[in-house]
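*Asks:* Below are the structure tokens for one structure; questions will follow.
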Amino acid sequence: MNKFILSILVFIAASAMPTITQTRKATVARKKTVVTRKTPIAKKRTVIKKMTTTPAIKSAAITTESGLTYIVTKHGDGAQLKAGDEVIVNYTGMLTSGKKFDSSLDRGQPFSFPLGAGRVIKGWDEALQQLRIGDHATLILPSTIAYGSRAMGDDIPADSTLIFIIEVVGVK
């Protein structure tokens, strides 16, 4: 199961690369020892030469202390979401096997709820407070912040890690 989650993260991160705007330059340096002969005893000095500058890309996936992993695949330009907002989202929920168990898109109706009020699973309340209006993200929720040891009908077994593809449509 962990290999499947890792492969999903790699795929999502690779497809999100064009949207990453923050990069930094990492300087690669090499030491060179130079021996000079001014006296009968050779003196050594170390010279550091700047060799190349290569871009280093910051990891797209963020994992919190609770175990939530999220990747913003498209950055929105709206306001940061906060507890108390009536959030409107489109989502698709999947198991780590890839089996879809729910989707607001299938119903043709976005889902809304008060953020931070405990009306949804803990992972959603935590994750959506990290997002902005217009963001598209992938959430990976361990069972501890999803449904835990409870099965949810026939679709979600107990102790399931859940994957959600989220689009933050807006707030009311």
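Every number here is computed from the coordinates shown, using simple stated rules; none is lab data. For clarity, every value in this text was computed on a predicted model and none was experimentally measured. Glycine gets a Cβ as well: all are built from the backbone with ideal geometry, and neighbour counts include every protein chain shown.
*Asks:* Are any residues in region 102-138 part of a loop (DSSP other than H, G, I, E, B) and either within 22 Å of Ala158 (Cα to Cα) or among the aliphatic types (A, V, I, L, M) (or both), and if so, which ones?
*Replies:* Of everything in region 102-138, those that are part of a loop (DSSP other than H, G, I, E, B) and either within 22 Å of Ala158 (Cα to Cα) or among the aliphatic types (A, V, I, L, M) (or both) turn out to be Leu115, Ala117, Gly118, Arg119, Val120, Ile121, Leu131, Ile133.
*Asks:* Moving on to the next point. Restricting to region 90-101, count the residues that are under 21 Å from the mean Cα position of the chain (by Cα) and assigned to a strand (DSSP E or B).
*Replies:* The total comes to 7.
*Asks:* With the structure loaded, tell me whether Thr64 is touching a Phe, Trp or Tyr at 6+ places or on another chain (Cβ under 6 Å), of a type outside the set (Asp, Glu), over 19 Å from Gly170 (Cβ atoms) and in contact (Cβ under 8 Å) with a residue 60 or more places away in the chain or whether it fails that test.
*Replies:* The answer is no for Thr64.
*Asks:* To continue, here is another question. Checking Ala79 against (1) of a type in the set (A, V, I, L, M, F, W, C); (2) in contact with a Leu (Cβ under 8 Å, 6 or more places away or on another chain); (3) closer than 23 Å to Ala60 by Cβ, only one condition comes out false. Which one?
*Replies:* Condition (2) is where Ala79 drops out.
*Asks:* State the number of residues belonging to region 139-172 that are free of Cβ contacts under 8 Å to residues at least 40 places away in the same chain, surrounded by 18 or more Cβ atoms within 10 Å (Cβ to Cβ) and not in a helix (DSSP H, G or I).
*Replies:* 2
*Asks:* Same structure again: Among the residues of region 91-101, is any within 22 Å of Gly78 (Cα to Cα), among the charged types (D, E, K, R) and surrounded by fewer than 15 Cβ atoms within 10 Å (Cβ to Cβ)?
*Replies:* No, region 91-101 has no match at all.
*Asks:* I'm trying to understand the selection: among the residues of region 116-138, which are touching a helix residue (DSSP H, G or I) at 6+ places or on another chain (Cβ under 7 Å), buried (at least 21 other Cβ atoms within 10 Å of the Cβ) and of a type outside the set (Val, Ile, Thr)?
*Replies:* Answer for region 116-138, where residues must be touching a helix residue (DSSP H, G or I) at 6+ places or on another chain (Cβ under 7 Å), buried (at least 21 other Cβ atoms within 10 Å of the Cβ) and of a type outside the set (Val, Ile, Thr): just Gly123.
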